Amino acid sequence: MNVYDGQRISSMLCGRGMTQTDKLGDADLIILNTCSVREKATNKVFSELGRIRDRKKPDSLFGIIGCVAKEAGSDAFRRIPELNFVLGPQSYHKLPQILDNPDAKLLNVDLSGLEKFDELAESVNAEPLAYIPIQEGCDHCCTYCIVPYTRGRELSRTFEDVVRDVHKAAANGATEICFLGQNVNGYKFSLADLIRETAKIDSIKRIRYTSSYPTEMTDDLIQLHGTEPKLLPFLNLPAQSGSPNVLKRMNRPYSLELYNEIIDKLRKVNPDIQISSDFIVGFPGETEEDFEMTCELARRIKYINSYSFKYSPRPHTAAALFTDQIPENIKKQRLVILDEILTQTNREFNESCVGRTMECLLEGPDKTGKHMIYRTPYMQQVIVEASPFAPEPPPGRAIKAPSAPPLEGGESSTGVSEPNNCAPDLRHDPPPSRGGADGAFIARPGGGSGASMTLQTIRITSANKCSLRGEFV
Ligand code: SF4
């Protein structure tokens, strides 16, 4: 969701004649688009704001947007008095107000519902992959999660509004649609119907959705994974823990039997489907036995592209008040153990892909410009030698090579840098945007966008634990 928010902010500002720069000293406006899912991320945002304050142009405007802004509110101005704006995740469409009145202090962290979707400018960038939010907020109230506080109660956009956005994205050149929501399959106007409607558009070749909640997987949606060829054979279905006791204390009231049954049904209708998950280790009260149940679940399901996190107490959450917090060293040990299991299953799956030919979606060039990055139907990144026959990437985009290092302190990824939504199972934003803030530095004047969109047939030639290499067929 943060990636989507960043794109919308960028579009809104480009629509006002601004353009992006990666040089802090050139920027007239500096925005940190933030995620507060972990405590460390929040601390990083404020140290980054201090760094920006000391290095930016004296007259440039700077501020924060997103969940850290919502969490900090007016206190952000106390911590960094030079800040110009603090806008919550549902208020960032108000950003132009600060451009019109640069001497003001703009604070808005209201949970204003779906208003922002109506007010935001249409995307001006043509990208092969279009993120389309269909709902926002969450009513599940997991005891560790700050999302219900920062993003508010669950609200679904109308079916007509979403379909209109899908058609716009297709007209702008999107090949893949990713429906977004903190509880995306809880979309109240039927995610399955939305997928069917989207699949009717010829130029849309791939459809997916994230992030899902287990009990919202309806039979209709599960069946669609077997019947709709445009729906990718990959699903993020966060388990968080394999222990019934821990799930109960997390306020995730589903049984492991139900979770396994959903996966069995998905694999029955589509034997090719791959599942990813998010896990929290070291949740308050988690025993060795509980943790072993999580490891057992991970071994049994053989997840790919999963994320594991050390539990960190967040303000406004019930679990932060639990008295049986787990010592940091135990959390670290458990994270290492689980990560080894997840890495192993990821490596095995990657290696099983060698020799296969897949339709992969262009992401763009790597930093060197010598390679192109594509994404398989299972969300693995594939590195391909740049070729004169390969399609041109959208200008100005450079994608970090997917070396997939372990994520900083307290989280691990066996997968790739894939935009996610939010808190633990909301698929918080990945590197480079995971765990802190995105910088968007916009300088006047300028503009322009360009695009290329394509699917390429790629043969996988080699694999390691976190990425693939391939060649055009
Ligand atoms: S973890 Fe996911 S399902 Fe639970 S409250 Fe947060 S957003 Fe909702």
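If you scan segment 294-320, which residues turn out to be surrounded by 20 or more Cβ atoms within 10 Å (Cβ to Cβ) and among the aliphatic types (A, V, I, L, M)?
Of everything in segment 294-320, those that are surrounded by 20 or more Cβ atoms within 10 Å (Cβ to Cβ) and among the aliphatic types (A, V, I, L, M) turn out to be 297, 298, 301, 304, 319.
Residues that are small (Gly, Ala, Ser): which helices (runs of 4 or more DSSP H) entirely in segment 1-117 hold 1 or more of them?
Output list reads 2-14, 39-55, 67-72, 75-79.
Does segment 149-163 contain any residue that is within 21 Å of residue 128 (Cβ to Cβ), out of contact with any strand residue (DSSP E or B) (no Cβ under 9 Å at 6 or more places or on another chain) and β-branched (Val, Ile, Thr)? Steps first, answer last, please.
First pass over segment 149-163, keeping only residues within 21 Å of residue 128 (Cβ to Cβ): 162-163.
Okay, now just the ones that are also out of contact with any strand residue (DSSP E or B) (no Cβ under 9 Å at 6 or more places or on another chain), so 163.
Filter once more, so that each one left must be β-branched (Val, Ile, Thr): 163.
Taking every residue of segment 149-163 in turn, at least one turns out to be within 21 Å of residue 128 (Cβ to Cβ), out of contact with any strand residue (DSSP E or B) (no Cβ under 9 Å at 6 or more places or on another chain) and β-branched (Val, Ile, Thr).
Condition first: crowded, with 23+ Cβ neighbours inside 10 Å and either in a helix (DSSP H, G or I) or away from the ligand (no atom under 11 Å from the Cβ) (or both). Now tell me which residues in segment 136-156 satisfy that.
147, 150
Determine whether residue 162 is away from the ligand (no atom under 16 Å from the Cβ), farther than 25 Å from residue 70 by Cβ and buried (at least 21 other Cβ atoms within 10 Å of the Cβ).
On the way: away from the ligand (no atom under 16 Å from the Cβ): yes; farther than 25 Å from residue 70 by Cβ: no; buried (at least 21 other Cβ atoms within 10 Å of the Cβ): yes.
Here the answer is no, as residue 162 does not meet what is asked.
For residue 244, all conditions in the list (1) surrounded by 17 or more Cβ atoms within 10 Å (Cβ to Cβ); (2) over 23 Å from residue 329 (Cα atoms); (3) in contact with a helix residue (DSSP H, G or I) (Cβ under 8 Å, 6 or more places away or on another chain) hold save one; what is the number of the exception?
(1)
Would you be able to tell me the number of residues in segment 214-247 that are part of a loop (DSSP other than H, G, I, E, B) and within 15 Å of the ligand (Cβ to nearest atom)?
Of segment 214-247, the ones part of a loop (DSSP other than H, G, I, E, B) are 217-218, 228-230, 232-233, 237-239, 241-243.
From what's left, within 15 Å of the ligand (Cβ to nearest atom): 217, 237-239, 241.
So the answer is 5.
Looking at (1) touching a Phe, Trp or Tyr at 6+ places or on another chain (Cβ under 6 Å); (2) in a loop (DSSP other than H, G, I, E, B), find the lone condition where residue 253 falls short.
In the conditions (1) touching a Phe, Trp or Tyr at 6+ places or on another chain (Cβ under 6 Å); (2) in a loop (DSSP other than H, G, I, E, B), residue 253 misses (1) alone.
How many residues are in contact with a Gly (Cβ under 8 Å, 6 or more places away or on another chain) and farther than 15 Å from residue 84 by Cβ if we restrict to segment 38-65?
Total satisfying the criteria: 7.
Given the structure, is residue 258 within 16 Å of the ligand (Cβ to nearest atom) and in a helix (DSSP H, G or I)?
When the stated conditions are applied, residue 258 passes them.
Between a first residue in segment 270-284 that is surrounded by 22 or more Cβ atoms within 10 Å (Cβ to Cβ) and a second residue that is of a type in the set (Gly, Ala, Ser), which pairs have beta carbons less than 6 Å apart while being 6 or more apart in sequence or on different chains?
Short answer, once both residue conditions are applied: 276/306; 277/239; 277/306; 279/308.
Any idea which of 188, 168 is within 16 Å of the ligand (Cβ to nearest atom), farther than 27 Å from residue 310 by Cβ, in contact (Cβ under 8 Å) with a residue 40 or more places away in the chain and surrounded by fewer than 20 Cβ atoms within 10 Å (Cβ to Cβ)? Outline the logic, then answer.
Working: 168 fails: within 16 Å of the ligand (Cβ to nearest atom).
One residue alone meets the criteria, 188.
Step by step: first the residues of segment 319-357, then only those that are of a type in the set (Asp, Glu) and assigned to a helix (DSSP H, G or I), then the one that is farthest from residue 277 (Cα to Cα). Which residue is that?
Applying the filter and picking the extreme gives 328.
Tell me, which residue of segment 263-281 that is part of a helix (DSSP H, G or I) and within 23 Å of the chain's Cα centre (by Cα) is nearest to residue 221 (Cα to Cα)?
Only one residue fits best here, namely 266.
None of the figures in this text is laboratory data; all of them are computed from the coordinates on show. No experiment lies behind these values; they were computed from the predicted model shown. Heads up, the Cβs are rebuilt from the backbone with ideal geometry, glycines too, and the neighbour counts pull from every protein chain shown.
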